[in-house]
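Structure first, commentary second.
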Amino acid sequence: MDVSSRVLSELASREAALDAQIEAARAQAKQTVDAAEAQAAGIVQGAEAQVKAMQAEHEQKLSAEMQAVRDAARTQAGEQAQATRTRASDKLGQAVETIMRAVLP
């Protein structure tokens, strides 16, 4: 019985060592998973920040383009208004000239 109890003791010792290895592997796996989750969260936060920055940049570009279109339209409208005033002034001068010729001998 002495041999069998030594064998049982050796088996129990090996089982305890295996249990310890299993627990160490579980702890290491948990640390690896936690680190991966933290890294993934960091990547997601970085991506979200990049998306926000890109949206802000796009909005700034869009705003600048809209302002440029407004400025161009305002300039064109001013030019057209000036051309219209010039034509009206010319026609008024012609009308006055026509009236003066008709009234004065």
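Straight Cα distances below 16 angstrom link K61 to the lysines K52, with same-chain residues fewer than 8 positions distant left out. With each label modelled as a point 7 angstrom along the Cα→C-beta vector, the Q28-Q94 pair spans 9.8 nm.
Compute the length gained on full extension between R101 and R14: take 0.36 nm times their separation in residues and subtract their Cα-Cα distance, giving the result in nm to one decimal.
Details: separation 87, 0.36 × 87 = 31.32 nm, distance 12.82 nm.
Result: 18.5 nm gained on full extension.
Every read-out reported here was derived from the displayed coordinates using simple, explicitly stated rules and does not represent laboratory data. Keep in mind the model is a prediction, meaning the values are calculated, not measured. Note that each Cβ is placed from the backbone with ideal geometry, even for glycine, and that neighbours are counted across all protein chains shown.
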